Structures are given as structure tokens and as C-alpha cells.
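Just so it is clear, none of the values below were taken in a lab; they were calculated from the coordinates. What you see is a predicted model, and the numbers here were worked out from it, not measured in a lab. Note: ideal-geometry Cβ built from the backbone for every residue, glycine included; neighbour counts use all protein chains shown.
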Amino acid sequence: MNYRRLITKKLMKKGHADKEIADILNSKNVRTCRLQSAYSAQNVGALRRRYGLVSPLHQVRLGKLKGFKSIHDIAPKIPIDQSWIYRKISNGTIKINKHPVYQCYLFPTYQHPLQKIRDLYRKRIMQISFTKEH
């Protein structure tokens with residue numbers, strides 16, 4: 001396995017985005033093969049696709065992030081529209097912070113988000129909070 005692939009794979013497993021990986025490669029003076037220039041997010045994305053690596057955000061979209069569920073995962077199971085959850089986050093009824101690495105709303109599964117959001121939707125509870133995780 002070559003150096004770029006090894007670094008890219010390790011950094012992706014840690015949850016770094018393409019831009020962050022490019023910055024790290026550049027800080028180590030690793031250059032692109034063809035042009036011997038600095039890396040960009042596009043270069044890293046091309047490497048990632050060439051090696052069959054899935055970006056961290058795409059892993060979230062596929063539901064492959066253990067311990068968390070996205071709005072996309074939860075909404076169809078209730079069933080409600082995703083926009084309803086986003087509105088509740090926006091107006092403070094659902095308190096949650098964006099995940100620091102993935103920059104999207106991820107609900108920790110150990111807090112049973114499906115049941116809590118279903119109860120909120122059915123007006124059994126008035127507010128829920130998932131801010132202790134992350």
C-alpha cells in the first residue's frame with residue numbers, strides 16, 4: 001500500500017473530511033504524483049474514490065456509523081417528514097448539537113431517539129434533549 005493511500009485511509013477512519021486530509025498531507029510536504037503540487041480536497045476525493053474509500057459523511061448517510069442515527073434514518077421509521085424534525089430542532093423543541101466531525105445532526109442510539117421523537121410527535125412530551133453526547 002502506498003504512503004498516500006495509507007495516510008488517507010487512516011485519516012478517513014478517524015473521521016477527517018477531504019479538506020482536512022489535504023491540509024494534513026500538505027503539512028507533511030506530501031505532493032501529488034503528476035504535478036508535484038499541494039493537495040486539494042478534490043485531489044483527496046479522487047484518491048478516496050480510486051481506492052474505494054467511503055467519506056465519513058457518506059458513511060453517516062448510509063447509516064454505517066455505529067452508535068448514532070441520522071434524521072434520514074429516524075424519520076421514515078416514525079413515519080414523519082424529515083422537515084418536521086428540522087423544524088423542531090430550529091425552534092428548540094429538540095435540543096441537539098451538530099456532530100463536531102460530521103457536521104450534521106446525529107442522535108445517539110443509547111438515548112433511544114426513535115421513541116423520544118415519536119413521543120414528541122404524538123405530543124406525549126413537549127421537549128427532548130440530546131445535547132449531553134458529542
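What the table below lists for this structure:
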quantity	calculated
Farthest positive-ward along the chain dipole, Cα basis, beta-carbon charges - from CYS104, PRO76, THR32	THR32
LYS95 long-range amide H proximity, modeled H, under 5 Å	ILE128, SER129, PHE130
D (Stokes-Einstein, µm²/s), Kirkwood Cα radius, the chain, 1.306 mPa s at 10 °C	95
Test item: Cα-centred dipole of the chain, Lys/Arg +1 and Asp/Glu -1 on Cβ, debye	300
Cross-link reach list, aspartates and glutamates versus LYS10, counting only Cα pairs under 13 Å and skipping chain neighbours closer than eight places	ASP18, GLU20
Under 25 Å from LYS13, Cα to Cα: lysines that are on another chain or at least 8 residues apart	LYS28, LYS64, LYS66, LYS69, LYS98, LYS132
